[in-house]
1. Sort out which residues of the stretch 107-126 are at pLDDT below 90, hydrophobic (A, V, I, L, M, F, W, C) and over 15 Å from P283 (Cα atoms), and write them in order of number.
2. Got at least one residue in the stretch 141-150 being among the hydrophobic types (A, V, I, L, M, F, W, C) and at pLDDT 95 or above?
3. Being touching a Leu at 6+ places or on another chain (Cβ under 8 Å), in the same structural domain as G207 (by TED's automatic domain parsing), not in a loop (DSSP other than H, G, I, E, B) and not small (G, A, S) narrows it down to one residue among D290, D269; which is it?
4. Specify the residue that is surrounded by the most Cβ atoms within 10 Å (Cβ to Cβ); the eligible residues are those in the stretch 259-285 that are in contact (Cβ under 8 Å) with a residue 60 or more places away in the chain and among the charged types (D, E, K, R).
5. Just to verify a result, which residue in the stretch 212-229, among those that are modelled with pLDDT of 90 or more, touching a Ser or Thr at 6+ places or on another chain (Cβ under 9 Å) and not in a loop (DSSP other than H, G, I, E, B), is nearest to A130 (Cα to Cα)?
6. Between a first residue in the stretch 389-407 that is farther than 17 Å from Q378 by Cβ and a second residue that is of a type in the set (V, I, T) and outside any helix (DSSP H, G or I), which pairs have beta carbons less than 6 Å apart while being 6 or more apart in sequence or on different chains?
7. For the stretch 380-427: of the residues being acidic (D, E) and farther than 21 Å from S314 by Cβ, which is modelled with the highest pLDDT?
8. Between residues in the stretch 203-221 that are in the same structural domain as G144 (by TED's automatic domain parsing) and of a type in the set (D, E, K, R) and residues that are part of a strand (DSSP E or B) and surrounded by fewer than 19 Cβ atoms within 10 Å (Cβ to Cβ), which pairs lie under 7 Å by C-beta distance while being six or more apart or on different chains?
Amino acid sequence: MEFEPRPFRSLGRASRSPTGGSLDPVVSLQAVSAAGTAPAAPAEGLQGEVDGLHGANGMQPSQGSHASGSHGSGSRVPSPGAKASGAAAGGATGAGSRAGRSGDAGGDACNWVLGSNPTMRKIARSIERAAAVECTVLVCGDTGTGKELWARLLHRSGPRTAKPFVPVNCGALSPTLAESQLFGHEKGAFTGAQGRALGIFRAAEGGVVFLDEIGEMPLELQAKLLRVLQQREVFPVGAEQPVPIDVQVVAATNRNLEAEVGKGTFREDLYFRLNMIELRVPPLRERREDIPEFIRFFARMYSARYRIEEWVPSAEVLAEFCSFDWPGNVRQLSHVIEQAYVLQIEPQIPQRSEPSESAAAGGSGRLPCLDLAKLRQQAIKQALEITRGHKARAAKLLGVHANTLTRMLREDKLEGPAADAGSDADD
């Protein structure tokens, strides 16, 4: 059967979250182990620390001792399952997520959950160790996999939790002022420097500096960052003496830094200094078993935020969501579900770009043959290949009903593994 959108039943006037802006992706973190739900001390485990990790994207430090669950004025609509166990938050193992506590990083009291993927659990254990020993960490992964969330979890899991967490987008640093932005400057150091500035590293004293998109940092600035990591001191612009600092550095990138080192665009010594612990966050397509948990989590969260009835996908729709590759990863999945709540329709899989006719004919612009029966068979086979055997979606590509495609398969004797792959989802 074909999937038809149906409107949600509104539960009242939709209210926008006071946090403003768009939600960062929630990385799938239900539970790291089968330990208890509440943390006894900052470095004694990750249970209960998997909450309130979205935060602001700016470069202002977030202080651990500040007020809870607020961003500016007003209070945030609590996320679904904020007072629930792991099962209520989509977790099948270990402890559940809980309400954001006082001092959420960035002031956003969202919970987040861990899936059952072994790689994610291994990353979580490494984060716990890195937080305890306070070493530098390099987080690698595609865009939208939630790299900053891991950095915030590290901050909340270790002894620096009461100190600032300062995120920096290295790609957004001004080329002419980057050194001043990072390391600070003295009064009169350059035109317009009417006073002293601490810079990012000194503003984060005792806490964690998160260098996002580290691969975008210019080479000349990389050398100065290397000195900061080696000597644990910064040299403000216009200063005569270096200033010692005490920060833990977490860097993230969606680039292959080893390849960048080979091309000469990234310093090899800086790469080795950063990856004391290197964490590679897998894309969503490599952990499809966690997609149902994400869907439940986002559906509950946006249901509470927009005050609309919670969306519960059918088995067929859930199978479609799990079979989709999600090139934008968790961020894209979150956007698709939130967009549906905003428009009050059912979430739908993003449309894949269909291959052009010339590409189907080998790029020549001509049909491979003129036999209509063979052309129909080739079109059916190609549609099934594109959709990985999912009949309902293949029928959409062909512009026919799913029942019509089933009849055509029977007539052309094309029933087989490729055609049967999506039959379970169609029943």
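1. A109, C110, W112, V113
2. Looking through the stretch 141-150, none of the residues is among the hydrophobic types (A, V, I, L, M, F, W, C) and at pLDDT 95 or above.
3. That would be D269, the only listed residue that is touching a Leu at 6+ places or on another chain (Cβ under 8 Å), in the same structural domain as G207 (by TED's automatic domain parsing), not in a loop (DSSP other than H, G, I, E, B) and not small (G, A, S).
4. R273
5. Applying the filter and picking the extreme gives L229.
6. R393/T387
7. Applying the filter and picking the extreme gives E385.
8. D212/N169; E213/N169
The values are calculated or read from the model by the stated rules, or taken from the named source; none is laboratory data. The model shown is predicted, which means the values in this text are computed figures rather than measured ones. Neighbour counts are summed over all protein chains in view; Cβ atoms, including those assigned to glycine, are modelled from backbone coordinates with ideal geometry.
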